[in-house]
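Colleague: Provided herewith is a single structure, encoded as structure tokens, for subsequent inquiry.
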Amino acid sequence: MKDVLRWLDEAIKEAELSWSQGGIPIGSVLVGADGSVVARGHNQRVQSGDPTAHAEVVCFRNAGRRRDWEDLVLVSTLSPCIMCTGTTLLFGIKRVIVGENKNFLGAEALMCSNSVQVDVLNDERCIALMRRMKEERPDLWAEDIGK
């Protein structure tokens, strides 16, 4: 569990970076078989104007070309949406650690039905990040969630 919390700490740093840039506070990291962070990303939809620049997709892009996808663990501060879930399945990721799914429940069932191990932590720090966005930037929340 110690490693998992260390990995989540890194994803939270990414989420906080996005928030400090005026973006959506979601962060993600990919962790290698040796436990080291091999790629990181944060949501850049607002900063870049790219609607596909979700934290997980940015993280996958930053990982570059690889042949060891199935050995990597995806860590995200928020439950991955259907697009990010699709990317996860496309690359054959076998384990996903979710910081929280109280504010938004993504496509966890789809991952599980495709033999992905999904560990939901419901970490208070991750919950607070999204709660803050909902309270301080309800317009951004509505745009990101699509309501």
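The values are calculated or read from the model by the stated rules, or taken from the named source; none is laboratory data. Just so we're clear, the structure is a prediction, and the values are computed from it rather than from any experiment. So basically every Cβ, Gly included, is an ideal-geometry build from the backbone, and we count neighbours across all protein chains shown. Remember, those area values only see protein heavy atoms, side chains included, never the ligands or the DNA or RNA. Shrake-Rupley method; radii C 1.70, N 1.55, O 1.52, S 1.80 Å.
Colleague: In a GNM of the chain with a 10 Å cut-off on Cα contacts, which of L110, L30, L72 has the highest mean-square fluctuation?
Modeller: Checking each option, the largest mean-square fluctuation is seen for L110.
Colleague: Mind jotting down the distance between the C-alpha centroids of the range 90-142 and the range 1-38, whole Å?
Modeller: 13
Colleague: Taking the Cα centre of the range 1-113 as the origin and placing charges on Cβ (Lys, Arg +1; Asp, Glu -1), which of N103, A63, L78 is farthest toward the positive end of the dipole?
Modeller: Of the listed residues, the answer is A63.
Colleague: If you roll a 1.4 angstrom probe over the protein chains with everything in place, what fraction of the accessible area of the chain belongs to carbon and sulfur, to the nearest %?
Modeller: Carbon plus sulfur share of accessible area: 51 percent.
Colleague: For percent of Cα pairs over 19 Å apart, one of (1) 55; (2) 45; (3) 51 was computed from the structure I shared and the rest are decoys. Which label?
Modeller: (2)
Colleague: Over the chain, with a Gaussian network built from C-alpha contacts below 10 Å, which listed residue (S28, S36, S79) shows the highest mean-square fluctuation?
Modeller: S36
Colleague: Solvent-accessible area of V46, probe 1.4 Å, all protein chains present, reported in Å² to the nearest ten, please.
Modeller: Accessible area, nearest 10 Å²: 60 Å².
Colleague: May I pose another question? Please compute the modelled spin-label separation between N114 and S36, points set 7 Å along Cα→Cβ, answer in nm with one decimal.
Modeller: 2.9
Colleague: What whole-number value in Å² describes the accessible area per residue of the chain for a 1.4 Å probe?
Modeller: Accessible area per residue, the chain: 48 Å².
Colleague: Among the aspartates and glutamates, which fall within straight-line cross-link reach of K13, defined as a Cα-Cα distance under 17 Å, with same-chain neighbours fewer than 8 residues apart omitted?
Modeller: Output for K13: D3, E56, E100, D123, E124.
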